[in-house]
Amino acid sequence: MQQTQIIMGMPITITIIGARARSLLNSSFAYFRRVDDRYSTYKSDSEISQINKGLPKSKWSNEMKRTLELCEETKALTKGYFDIEHNGKLDPSGLVKGWAINNVATMLLGQNAHDFYVEAGGDIQVHGKNGGDPWTVGIRNPFNTQEIIKKLIVSTEGIATSGTYIRGQHIYNPHDPEADLTTVESLTVIAKNIYEADRFATAAFAMGIRGIEFIKETPGLEGYMITSNGMATYTDGFERYVANA
Amino acid sequence: MRKYVIGSAITLVFLAYSMILRNQHSGLVIAPASPSKSSSVSGGSSSQSSKTSSSTTSTSSTSSSSTSTALYKDGTYTGNVENAFYGNVQVSATISGGKITSVNFLQAPNDNPNSVYINQQADPYLKQEAIQSQNAHVSGVTGATFTSQAFIQSLSSALSQAKA
């Protein structure tokens, strides 16, 4: 059973195979709404907004403290590229999406669901199978959002993509006009779960063209980076997920 | 009825918006066409057909009017700022001759300030290929967080001001 709802300003799609799918869908979406209520920087009454208005730390929820610790840990793991503090305000949204998807997946496993697909805004966690078939995930073509440019076969993985919303201008180097100056259009990361995939995709994307090297050097991650020249650079191990065309 | 018409208009503009992404035009001409179901508005990040888009050639189908009644008053209307989770989206819609003639982004998230040289020295553990579109059926699609819903909301608030 599949359902899509708009929460956190993005479509969230969940597919659950098997009995009790309906009630599991309901509790999954309810969880995403609770996350949005607590972490949305656009809701003035959310806890994160209250914190940014000066709520003393003694009044923060334990969950918020833990989430912000995860943000700190991620910052340390990514050479400071993952940073939730901007102009003195905290915005953990770069971590919360993957974290929330992962929490839903953990909750579903705890409820004895084994075959499911959870996606929020293009970030995906799959588990088990889609009926008799494996789950398959397409990588969106950043130059034509109606197309996919890769088909991946996954079973229990998280897949996240960081990219630009509207493409930036190409930068011209006056000192070397012939230089192949390239920007990253999108970076897809596969990891054992979506929490890892999302936070490292976010950080590695911010590293620019070197991001794929960071993915390569971090154990447990595979990546596929698309640059503005229409080329993809990818890690060795990425290939095992690619379906033959 | 009015809701339906606005919904249809939003759907069409959203389709056109995907062309904006591709063509990087700041505005474009949108011709009204026969109404389509407004339920197709969600688009965005959820599973999409991987079929090659047929919209490439229709980008500049200038105002070949197929409707005679003006839905909107002429002018430029600014939509609300909408939360797209990673940033705000705000659009303005320009109505001319009762039709939407352009949609411009006043605010849009853009998190790609980085631009560096590509490393000419091939790394032994990284491989390269030219990307190629595929026609494959998939369970879902991974892509950059799409802010379609914020776009639709902002545009919808702009259009509600323009109602004739």
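Take the range A:29-63 and flag every residue that is without any contact (Cβ under 8 Å) to a residue 40 or more places away in the chain, out of contact with any strand residue (DSSP E or B) (no Cβ under 8 Å at 6 or more places or on another chain) and in a helix (DSSP H, G or I).
Correct list: A:ALA30, A:ARG34, A:ASP37, A:ARG38, A:GLU47, A:SER49, A:GLN50, A:LYS57, A:SER58, A:LYS59, A:ASN62, A:GLU63.
Considering (1) among the polar types (S, T, N, Q); (2) under 17 Å from the mean Cα position of the chain (by Cα); (3) facing chain B (nearest Cβ under 10 Å), say which one A:THR235 fails and leave the rest.
Here A:THR235 clears every test but (2).
Would you check which residues across the range A:91-107 are touching a helix residue (DSSP H, G or I) at 6+ places or on another chain (Cβ under 6 Å) and more than 14 Å from chain B (Cβ to nearest Cβ) and list them?
A:ASN102, A:VAL104
Tally time: how many residues in the range A:136-156 are touching a helix residue (DSSP H, G or I) at 6+ places or on another chain (Cβ under 7 Å) and open to solvent by 10 Å² or more (accessible area, probe 1.4 Å)?
Just the residues of the range A:136-156 that are touching a helix residue (DSSP H, G or I) at 6+ places or on another chain (Cβ under 7 Å), to begin with: A:143-146, A:152-154.
Now restrict to residues that are open to solvent by 10 Å² or more (accessible area, probe 1.4 Å): A:143-146, A:153.
Number satisfying all stated conditions: 5.
Please work out if A:GLY9 is touching a strand residue (DSSP E or B) at 6+ places or on another chain (Cβ under 6 Å), within 12 Å of chain B (Cβ to nearest Cβ), within 29 Å of A:GLY208 (Cβ to Cβ) and at pLDDT below 95.
On the way: touching a strand residue (DSSP E or B) at 6+ places or on another chain (Cβ under 6 Å): yes; within 12 Å of chain B (Cβ to nearest Cβ): yes; within 29 Å of A:GLY208 (Cβ to Cβ): yes; at pLDDT below 95: yes.
Against the criterion (touching a strand residue (DSSP E or B) at 6+ places or on another chain (Cβ under 6 Å), within 12 Å of chain B (Cβ to nearest Cβ), within 29 Å of A:GLY208 (Cβ to Cβ) and at pLDDT below 95), A:GLY9 qualifies.
Rundown of residues vs (1) open to solvent by 10 Å² or more (accessible area, probe 1.4 Å); (2) within 11 Å of another protein chain (Cβ to nearest Cβ); (3) modelled with pLDDT under 95; (4) over 17 Å from the mean Cα position of the chain (by Cα), yes/no style:
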residue	(1), (2), (3), (4)
A:ARG20	yes, no, yes, yes
A:LEU25	no, no, no, yes
A:ARG33	yes, no, no, yes
A:ARG38	yes, no, no, yes
A:SER46	no, no, no, yes
A:ASN52	yes, no, no, yes
A:LEU55	yes, no, no, yes
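For the range A:96-135, give me each residue that is surrounded by fewer than 24 Cβ atoms within 10 Å (Cβ to Cβ) and touching a Lys or Arg at 6+ places or on another chain (Cβ under 6 Å).
Answer for the range A:96-135, where residues must be surrounded by fewer than 24 Cβ atoms within 10 Å (Cβ to Cβ) and touching a Lys or Arg at 6+ places or on another chain (Cβ under 6 Å): just A:ASP115.
Working only within the range A:202-245, note down all residues that are open to solvent by 10 Å² or more (accessible area, probe 1.4 Å) and in a strand (DSSP E or B).
If the condition is that a residue be open to solvent by 10 Å² or more (accessible area, probe 1.4 Å) and in a strand (DSSP E or B), then A:GLU222, A:MET231, A:THR233, A:TYR234, A:VAL242 are the ones that fit.
Looking at (1) closer than 23 Å to A:ALA160 by Cβ; (2) in contact (Cβ under 8 Å) with a residue 60 or more places away in the chain, which is the one condition that is false for A:ARG66?
(2)
Sort out which residues of the range A:178-201 are open to solvent by 10 Å² or more (accessible area, probe 1.4 Å), modelled with pLDDT of 90 or more and hydroxyl-bearing (Ser, Thr, Tyr), and write them in order of number.
Selection gives A:TYR195 alone.
Rundown of residues vs (1) in a helix (DSSP H, G or I); (2) among the polar types (S, T, N, Q); (3) out of contact with any Ser or Thr (no Cβ under 7 Å at 6 or more places or on another chain), yes/no style:
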{"site": "A:LYS65", "(1), (2), (3)": "yes, no, yes"}
{"site": "A:LEU70", "(1), (2), (3)": "yes, no, yes"}
{"site": "A:LYS79", "(1), (2), (3)": "no, no, yes"}
{"site": "A:ALA100", "(1), (2), (3)": "yes, no, yes"}
{"site": "A:ILE124", "(1), (2), (3)": "no, no, no"}
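When you look at A:LYS65, is it open to solvent by 60 Å² or more (accessible area, probe 1.4 Å) and either at pLDDT 95 or above or among the aliphatic types (A, V, I, L, M) (or both), yes or no?
yes
Scan the range A:83-95 for residues that are assigned to a loop (DSSP other than H, G, I, E, B) and open to solvent by 10 Å² or more (accessible area, probe 1.4 Å) and jot them down.
A:ASP83, A:ILE84, A:ASN87, A:GLY88, A:ASP91
The values are calculated or read from the model by the stated rules, or taken from the named source; none is laboratory data. All figures in this text were calculated on a predicted structure; none of them were measured in a lab. All Cβ positions, glycine included, derive from the backbone under ideal geometry; neighbour counts span all protein chains shown. In case anyone asks, the SASA skips ligands and DNA or RNA and just uses the protein heavy atoms, side chains included. Shrake-Rupley method; radii C 1.70, N 1.55, O 1.52, S 1.80 Å.
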